[in-house]
Every structure is written in C-alpha cells, then in structure tokens.
Amino acid sequence: MSYTEYDSIKIKLRIANDSMRDEIELYMQEIDDLLDNRLRARLGSINIYGDEIVLPLTSETVPELPLELKGIANNLVVAKIRLQNSEKPMLWDAEVNILDNYLDRVYGYIRGTAFRPRRATTLSPQTGAIAQVVTVTGSGYAPIQKLTITFSEGTIVTTPVSVISTSKGAFSFTFPIPADTADGAVTLKVNDTFGGLVSSFQVT
C-alpha cells in the first residue's frame, strides 16, 4: 500500500506517457518512507488501547488513511522531482511544511504517551418527542469492547441490548426516548474503559 498514486502524479507533472515511470516510482517510494517516518514519530508504535499501530496507513488501519494525506503525498513527489530538476527548494520546503502542519493538526506529537484515537459520537436526530427513536453512532473507542451507555434521565433500552465496538472502535445502536422523560435537554454518555463522550438531545 502506498500513500502516493502514480497516475495522479503523472497528471500533475503533465506527462502524457510512461517515459518517466521508473524515476517517478523511486520518488514515490522516498515520499512513502518519509510519511511513515513522520507518522511513526507522531503516533508511536502502540495506541492507548494496547493495539499495534500499523504503517503504512490504509482504509483498514486505526487510524485510517485520510484522503487529504494522499493528496499531500502526491504533491510532495511532484515537489521532489522539481527540486531535483531545478535545485530550487522553495516548493519542496513549502510542501514539507504543509505536511508537518497537517500531521500536527490531525495527530499531534507523541512524547512519552500512547496515541489516543479521537472519539466521536453522533446522535440522529438531535431533537424529538417522547418515543422518538434515536440512532447513535461512534468511532475512536476501544476495539471489541462492551460499551457502557448512560442516559441522564434514567434507563433506556438499546438495540442491540449489548453495544460492542468493532475491531476498529466503531459502534452503532438505537434507543427510543423513554415515556417519562421531561421536556428539555438530556444527555447520553458512551464509555469504554478509558473514558467516554457526552452528547446532548433536546426533548420537545
């Protein structure tokens, strides 16, 4: 798996044939290695849940490979080729700076602490009356773990009854707003063994 894409790079370089394919693929490998090194510095080797962080990132890893990072990687290959041809570092330096700023914004920098996937919980809808069925989805939680669901106004019945996260830390369940819930703001908390998130729902 590669962060870079040959066809996209060829288009950016305005090359109509494959005459530079071998050269481009060498630069692609160089940029793939650069990204792996930068990502390892920020993510470490093991996340907070004790799972190995596998590189290169793909659509199946945790964290997943963002589309934005693929675009940055392709731009880095183009900048590297132009640097070698012109020996002017301005474009290369700018693209490396874009990469580092992106990685810092998305992943932060690991110093003596394990990477913690960013949790996210979404309620749909976010407003409704008694008996309204709410769908709750989430990501970034501990993988393959039974989650604790807490409703601020008492007990709720979820479907499925036991909410267990996937191997990638995602989950989904539904529940109806209980009949004895008063109008106003209520909260729902989803927890794994490392903590959780609180989401709000407006009962009308």
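The values are calculated or read from the model by the stated rules, or taken from the named source; none is laboratory data. Since the model is a prediction, treat every value here as computed from it, not as a measurement. Using ideal geometry, Cβ is built from the backbone for each residue, glycine included, and neighbour counts are taken over all protein chains shown.
General observations
- When Y102, Y49 are screened for being within 16 Å of the chain's Cα centre (by Cα), modelled with pLDDT of 95 or more and either farther than 23 Å from L147 by Cα or not basic (K, R) (or both), only Y102 passes.
- Any chance T155 is β-branched (V, I, T), touching a strand residue (DSSP E or B) at 6+ places or on another chain (Cβ under 8 Å) and farther than 28 Å from I24 by Cβ: no
- Check on E25, without any contact (Cβ under 8 Å) to a residue 24 or more places away in the chain, out of contact with any Gly (no Cβ under 9 Å at 6 or more places or on another chain) and either within 24 Å of K168 (Cβ to Cβ) or part of a helix (DSSP H, G or I) (or both): yes
- First in segment 76-99 and closer than 13 Å to I9 by Cβ, second anywhere and among the basic types (K, R), Cβ under 7 Å, 6 or more apart: V78/K12
- Residue among S172, S200 that alone is assigned to a strand (DSSP E or B), small (G, A, S) and under 21 Å from the mean Cα position of the chain (by Cα): S172
- Per the conditions (1) closer than 18 Å to L67 by Cβ; (2) exposed (fewer than 15 other Cβ atoms within 10 Å of the Cβ); (3) modelled with pLDDT of 95 or more, the sole criterion not satisfied by M1 is (3).
- R105 meets each of the listed conditions (1) free of Cβ contacts under 8 Å to residues at least 60 places away in the same chain; (2) among the basic types (K, R); (3) touching a strand residue (DSSP E or B) at 6+ places or on another chain (Cβ under 7 Å) apart from (3).
- Residues of segment 131-155 that are among the aliphatic types (A, V, I, L, M) and crowded, with 17+ Cβ neighbours inside 10 Å: V134, V136, A142, L147, I149.
- Test: residue in segment 92-110 that is polar (S, T, N, Q) and in a loop (DSSP other than H, G, I, E, B): no
- Number of the exception - E25 against (1) in contact with a helix residue (DSSP H, G or I) (Cβ under 9 Å, 6 or more places away or on another chain); (2) closer than 30 Å to R116 by Cβ; (3) acidic (D, E): (2)
- Residues within segment 29-46 that are among the β-branched types (V, I, T) and at pLDDT 95 or above, tallied: 1
- Looking only at segment 168-204, residues that are in contact with a Gly (Cβ under 9 Å, 6 or more places away or on another chain) and farther than 29 Å from N47 by Cβ come to 8 in all.
- Among the candidates S165, S152, residue that is assigned by TED's automatic domain parsing to the domain that holds V134, of a type in the set (G, A, S) and within 24 Å of E52 (Cα to Cα): S165
- Subset of segment 28-49 that is out of contact with any helix residue (DSSP H, G or I) (no Cβ under 8 Å at 6 or more places or on another chain) and in contact (Cβ under 8 Å) with a residue 60 or more places away in the chain - its residue that is nearest to D104 (Cα to Cα): A41
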